[in-house]
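Accompanying notes for the structure given below.
The values are calculated or read from the model by the stated rules, or taken from the named source; none is laboratory data. No experiment lies behind these values; they were computed from the predicted model shown. Every residue, glycine as well, gets a Cβ built from its backbone with ideal geometry; the counts of neighbours run over all protein chains shown.
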Amino acid sequence: MSGWRRRFHVRGVVWRQLLRWAVLNIPPWLEPSVLAFWSAFFLLWGPGRRGVMRNLAAIKPGSSAVGNFFRCYRVFWNYACTITDNARFKEQHTIPDWEFIGWDHFLEMERREGGAILLTAHMGSYDLGAQLFSETSARHIVMVRAPEVDPATHKFEEEHAAEGMRIEFNTKASELALQLLDTVRSGGIIAIQGDRVTHGVSGIATTLFGKAMSIPAGPFALAMAARVPIYPCFVIRLGRRHYRLLTCEPIEIVRSRDRDADFARAAGAWTARLERVIREHWHQWFTFEPYSPELA
Amino acid sequence: MKVVRDRPEARLLPARHHFALARLIAFLLPHRAENPEGVHVALAIDPNQSVIEATIVSAWITITVTCYLAAVLPLNLLVAILVALPLSSLVLQLICEIVGVPLGDGDHTRLNSVMIMLVLAVASAYFVAQPAWVRLVACFYFLVVIANGIAAAILWLLRGRVRELEARCGA
């Protein structure tokens with residue numbers, strides 16, 4: 001794709017620039033109708049629409065295509081609201097209302113002597129959640145994420161990143177792994193999204209809603225090497241500028257002679273929690289391609 | 001930005017609403033709420049935090065612009081409304097562009113807020129004189145604006161009690 005056309009691709013930089021412009025120019029009280037319009041516009045993005053509808057068919061077996069089309073709109077709407085809240089936070093330091101469930105587990109993670117892995121999914125606002133942690137937690141937190149597909153978008157996001165957050169990109173997995181291990185052993189917390197494997201990242205085979213999928217092996221390998229627990233943590237959008245931080249019971253990787261079995265047990269525990277959360281909050285799962293090869 | 005922790009009654013504080021009418025309604029509603037067990041909340045005190053206010057105002061403005069556009073389109077009324085609905089969102093965004101683009105980078109939300117209301121006031125002044133159904137829409141616009149003005153005056157008179165309420169809720 002030529003540079004000019006790439007800018008206007010759905011993941012291109014033009015839409016990020018337009019979002020930033022909108023946040024700085026559209027009055028907040030007009031947001032709902034403007035977001036409704038643009039959510040409908042992006043339904044024209046065929047691959048994304050089809051990806052979401054196929055995922056929904058797996059999450060809600062027996063659901064109709066027409067029903068999933070409208071559910072897909074709701075996913076797009078939630079995504080639009082989430083990235084808008086994110087942009088408002090970066091540009092105007094507007095923060096949402098927060099509700100905390102599983103606060104005991106969060107405090108346990110906060111107070112433990114060693115580091116921890118915070119495993120989350122592509123739900124709610126990863127950036128807002130990370131900023132919440134950096135403001136409420138005294139611990140050093142590093143957020144690991146996949147880089148933007150479009151280099152111009154990647155550069156734009158780096159230039160407009162929220163202040164004070166440390167973000168690492170999982171492009172050079174081996175170098176990053178050593179840095180992250182060092183961070184965790186020093187008592188830091190690593191936040192990683194564990195519901196998608198990107199190119200160049202090792203995966204563990206598991207199932208989600210009965211379909212085969214891969215989840216990143218990194219968090220489990222890190223947890224095993226550093227002997228720290230994994231805290232499943234989800235940021236769920238409940239409404240306009242209203243989010244829930246759900247912290248679940250930690251997953252401990254118990255070492256045995258069979259490393260693969262240890263990983264499989266931990267991955268199974270993670271996907272069980274992930275499935276429970278996605279089943280209840282399917283409209284929050286921002287996965288725009290089929291999550292399983294069986295759905296492609 | 002101020003944040004109030006574990007005070008769910010702060011959700012309806014006037015300070016979390018933008019327009020005077022919404023702030024007055026929020027002030028008059030009871031401020032009693034409880035957190036379900038095991039749930040903690042942190043509420044931001046920002047004038048644009050209310051979801052009900054934003055949804056109602058956004059819907060009202062969009063419907064008003066839709067009606068005005070439908071009234072001028074040379075189409076059957078039902079078709080005109082269907083065409084005008086997506087157009088209304090574009091028109092509102094265009095107003096923001098016309099104002100915001102020449103001003104360059106920066107936060108122009110307040111200025112655009114005023115401009116949208118001014119443009120609507122001018123449009124409503126035109127349509128209120130028209131002998132058609134759209135006249136009712138224009139009358140309703142002015143009714144809401146007048147009610148908002150009265151609410152602002154009432155809130156000014158009650159400013160002490162509003163401050164007391166906000167202090168009681170930790171804001």
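Given the criteria within 30 Å of A:PRO32 (Cβ to Cβ), among the β-branched types (Val, Ile, Thr) and modelled with pLDDT of 90 or more, does A:THR207 qualify?
Considered against the rule, which asks whether it is within 30 Å of A:PRO32 (Cβ to Cβ), among the β-branched types (Val, Ile, Thr) and modelled with pLDDT of 90 or more, A:THR207 comes out as no.
Only one residue in B:VAL119, B:VAL134 is touching a residue at least 12 places away in the same chain (Cβ under 8 Å), surrounded by 14 or more Cβ atoms within 10 Å (Cβ to Cβ) and farther than 30 Å from B:ALA26 by Cβ, so which one is that?
B:VAL134
B:LEU87 is checked against (1) more than 8 Å from chain A (Cβ to nearest Cβ); (2) within 12 Å of A:ILE26 (Cα to Cα) and fails just one. What number does that condition carry?
Evaluating B:LEU87 over (1) more than 8 Å from chain A (Cβ to nearest Cβ); (2) within 12 Å of A:ILE26 (Cα to Cα) leaves (2) as the failure.
Please verify whether segment A:106-129 includes one or more residues that are among the aromatic types (Phe, Trp, Tyr), part of a helix (DSSP H, G or I) and under 19 Å from A:GLY187 (Cα atoms).
Looking through segment A:106-129, at least one residue is among the aromatic types (Phe, Trp, Tyr), part of a helix (DSSP H, G or I) and under 19 Å from A:GLY187 (Cα atoms).
Considering only segment A:79-110, state which residues are touching a Ser or Thr at 6+ places or on another chain (Cβ under 9 Å), small (Gly, Ala, Ser) and farther than 28 Å from B:GLU37 by Cα.
Selection gives A:ALA80 alone.
Just to be sure I understand, how many residues within segment A:25-37 are in contact (Cβ under 8 Å) with a residue 24 or more places away in the chain, among the hydrophobic types (A, V, I, L, M, F, W, C) and in contact with a helix residue (DSSP H, G or I) (Cβ under 6 Å, 6 or more places away or on another chain)?
Matching residues across segment A:25-37 total 1.
Table: residues versus (1) in contact (Cβ under 8 Å) with a residue 60 or more places away in the chain; (2) in contact with a Leu (Cβ under 8 Å, 6 or more places away or on another chain); (3) closer than 27 Å to A:THR94 by Cβ; (4) surrounded by fewer than 19 Cβ atoms within 10 Å (Cβ to Cβ).
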site: A:ALA223; (1), (2), (3), (4): yes, no, no, no
site: A:PHE234; (1), (2), (3), (4): yes, yes, yes, no
site: A:ARG237; (1), (2), (3), (4): yes, no, yes, no
site: A:GLU252; (1), (2), (3), (4): no, no, no, yes
site: A:ARG255; (1), (2), (3), (4): no, no, no, yes
site: A:ALA261; (1), (2), (3), (4): no, no, no, yes
site: A:LEU274; (1), (2), (3), (4): yes, yes, no, no
site: A:ARG279; (1), (2), (3), (4): yes, no, no, yes
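Within segment A:1-41, restricting attention to residues that are farther than 17 Å from A:PHE89 by Cα and polar (S, T, N, Q), which residue is modelled with the lowest pLDDT?
A:SER2
Would you check which residues across segment B:30-69 are part of a loop (DSSP other than H, G, I, E, B) and either modelled with pLDDT of 90 or more or within 18 Å of the chain's Cα centre (by Cα) (or both) and list them?
Of the residues in segment B:30-69, the ones part of a loop (DSSP other than H, G, I, E, B) are B:30-38, B:46-50.
B:ASP46, B:PRO47, B:ASN48, B:GLN49, B:SER50, listed by residue number.
Show me the helices (runs of 4 or more DSSP H) found entirely inside segment A:1-98 where at least 1 residues are among the acidic types (Asp, Glu) and more than 9 Å from chain B (Cβ to nearest Cβ).
Numbers: elements: A:3-7, A:13-25, A:31-41, A:46-59, A:65-92.
Here the list reads A:65-92.
Being surrounded by fewer than 18 Cβ atoms within 10 Å (Cβ to Cβ) and touching a residue at least 40 places away in the same chain (Cβ under 8 Å) is the filter here, so list the residues in segment A:62-90 that pass it.
Matches in segment A:62-90: A:ARG74 only.
What number goes with the only condition from (1) without any contact (Cβ under 8 Å) to a residue 40 or more places away in the chain; (2) in contact with a helix residue (DSSP H, G or I) (Cβ under 8 Å, 6 or more places away or on another chain) that A:GLN193 does not pass?
Here A:GLN193 meets the rest and fails (1).
Where residues in segment B:9-62 are touching a Ser or Thr at 6+ places or on another chain (Cβ under 8 Å) and among the β-branched types (Val, Ile, Thr), which of them is farthest from B:LEU120 (Cα to Cα)?
The extreme case among them is B:THR62.
Can you pull out every residue in segment B:58-84 that is among the small types (Gly, Ala, Ser) and either within 9 Å of another protein chain (Cβ to nearest Cβ) or over 23 Å from B:CYS139 (Cα atoms) (or both)?
Correct list: B:SER58, B:ALA59.
Looking only at segment B:102-123, count how many residues are more than 17 Å from the chain's Cα centre (by Cα) and either more than 13 Å from chain A (Cβ to nearest Cβ) or in a helix (DSSP H, G or I) (or both).
4
Taking only pairs six or more apart or across chains, which ones have beta-carbon atoms under 8 Å, a first residue in segment B:32-50 that is basic (Lys, Arg), and a second residue that is buried (at least 17 other Cβ atoms within 10 Å of the Cβ)?
The qualifying pairs are B:ARG32/B:GLU9.
For segment B:7-27, indicate whether the set of residues that are facing chain A (nearest Cβ under 9 Å), more than 13 Å from the chain's Cα centre (by Cα) and either surrounded by 17 or more Cβ atoms within 10 Å (Cβ to Cβ) or under 20 Å from B:GLN93 (Cα atoms) (or both) is non-empty.
There is at least one residue in segment B:7-27 that is facing chain A (nearest Cβ under 9 Å), more than 13 Å from the chain's Cα centre (by Cα) and either surrounded by 17 or more Cβ atoms within 10 Å (Cβ to Cβ) or under 20 Å from B:GLN93 (Cα atoms) (or both).
Please give the number of the condition A:PRO47 fails out of (1) surrounded by fewer than 19 Cβ atoms within 10 Å (Cβ to Cβ); (2) touching a helix residue (DSSP H, G or I) at 6+ places or on another chain (Cβ under 7 Å); (3) over 26 Å from B:CYS96 (Cα atoms); (4) in contact (Cβ under 8 Å) with a residue 40 or more places away in the chain.
Result: A:PRO47 passes all but (2).
Where in segment A:204-258 are the strands (runs of 3 or more DSSP E), entirely inside, with at least 2 residues that are among the hydroxyl-bearing types (Ser, Thr, Tyr) and within 14 Å of another protein chain (Cβ to nearest Cβ)? Don't jump to the end; show me each part of the working.
Working: elements: A:211-216, A:230-239, A:242-247.
Hits in segment A:204-258: A:242-247.
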